[in-house]
Amino acid sequence: MSKAFDFLLDEKNAKELVSSIPYADYIGMKIQQNINGEIIFVLPFQEKHVGNPMIRAIHGGILASFMECSAAMMVIGTVSHDHLPKCVNQTTEYLKSAKDVDTYARVKVNKAGRRIVAATVSCWQQDENTPVAISHSRFMVGG
Amino acid sequence: MSNSSKGDTPSGMEGLPGGFGDSHPGFMEYQFQPVYMEEKKAAMMLPYNEKFVGDKSTGSIHGGIITLLMDTAGGMCVMATVKQMMPIATLDLRMDYLRPTKRGMNITAEVECYELTQYVAFVRGFAYEGEGDEKEAVAHMTAAFMLNTKGPNFGKASRFSEVDGGEK
């Protein structure tokens, strides 16, 4: 595992990274490690995430935000933690409504180019095999 | 919080999504303000707030909250188009971030529904900062919404019961 990747696995760095981005801190996301040592992003449920109060579903925009933040942090961990990557664009596909429970995300960096990094994020609640949403995003890195 | 005052409810908005105001935990929290809602169009404003910042060094707003704003404005636009508070769901949403926002600037999302089929509504729109001649696009959105999804109809909630559509 690369040196940059170790950066995210360090609990103190992970906490500092989240708190360095006010919006990531605001939605209350966290970086965790699963038993296989992989990085998993967690969005503990909060009342303010509710988008549809009648079925108590999490707002699609909150899910998209969470996935964008997760991807950005993974890009920081994978490529460099000197500069904040800038999101160029993101496509989010909503597969099922997200309930009022904790949400998890796993990021796959598909290509780490010199200027553009492409990542896919899969987001689930109870079962990783039935994701609630999937997103594809591109980031500008460096400078 | 820099701006917590709510403007007057625009005409045709009574009871429609802007009217979520005090009953909707999300709307209360993000301080979204409906600007207008007319046939196939809707606009919603996000007052600048430090807690939504994505880059501390520039004070620019995080893309995530712009996505949240545009998704909400998109849903509002769909309801303005079908002229009822039917349950809808976002199928997919694409955001293009054109430029970073500036510190202290409010963001306004203007969304239009460019196609409506039996089951799906297609919307697109821009998020702007500034007003009038100073207006500058900061993000672009395209999205598709599924119509009449299962789930409670917003129109059945008591405060919306007398509403069956937006402006003609």
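The set of residues in segment B:25-58 being surrounded by fewer than 21 Cβ atoms within 10 Å (Cβ to Cβ), assigned to a strand (DSSP E or B) and within 14 Å of another protein chain (Cβ to nearest Cβ) consists of B:Asp55 alone. So is A:Val79 farther than 29 Å from B:Phe145 by Cβ, crowded, with 24+ Cβ neighbours inside 10 Å and either modelled with pLDDT under 95 or within 7 Å of chain B (Cβ to nearest Cβ) (or both) or not? So A:Val79 fails the test. Does any residue of segment B:145-153 turn out to be more than 12 Å from every other protein chain (Cβ to nearest Cβ), closer than 15 Å to B:Met45 by Cα and either in a strand (DSSP E or B) or modelled with pLDDT under 95 (or both)? No, the conditions are met nowhere in segment B:145-153. Within segment B:50-88, the residues that satisfy the criterion of being out of contact with any Asp or Glu (no Cβ under 8 Å at 6 or more places or on another chain), of a type in the set (Ser, Thr, Tyr) and touching a residue at least 24 places away in the same chain (Cβ under 8 Å) are B:Thr58, B:Ser60, B:Thr72. Once segment B:74-88 is narrowed to residues that are in contact with a helix residue (DSSP H, G or I) (Cβ under 9 Å, 6 or more places away or on another chain) and either outside any strand (DSSP E or B) or not hydrophobic (A, V, I, L, M, F, W, C) (or both), the residue that is farthest from the other protein chains (Cβ to nearest Cβ) is B:Ala80.
Taken residue by residue, segment A:11-19 has at least one member that is hydroxyl-bearing (Ser, Thr, Tyr), over 18 Å from A:Val107 (Cα atoms) and not in a loop (DSSP other than H, G, I, E, B).
The values are calculated or read from the model by the stated rules, or taken from the named source; none is laboratory data. If you're wondering where the values come from, they're calculated on a predicted model, not measured in any experiment. FYI the Cβ positions are ideal-geometry reconstructions off the backbone, even for glycines, and counts take in every protein chain you see.
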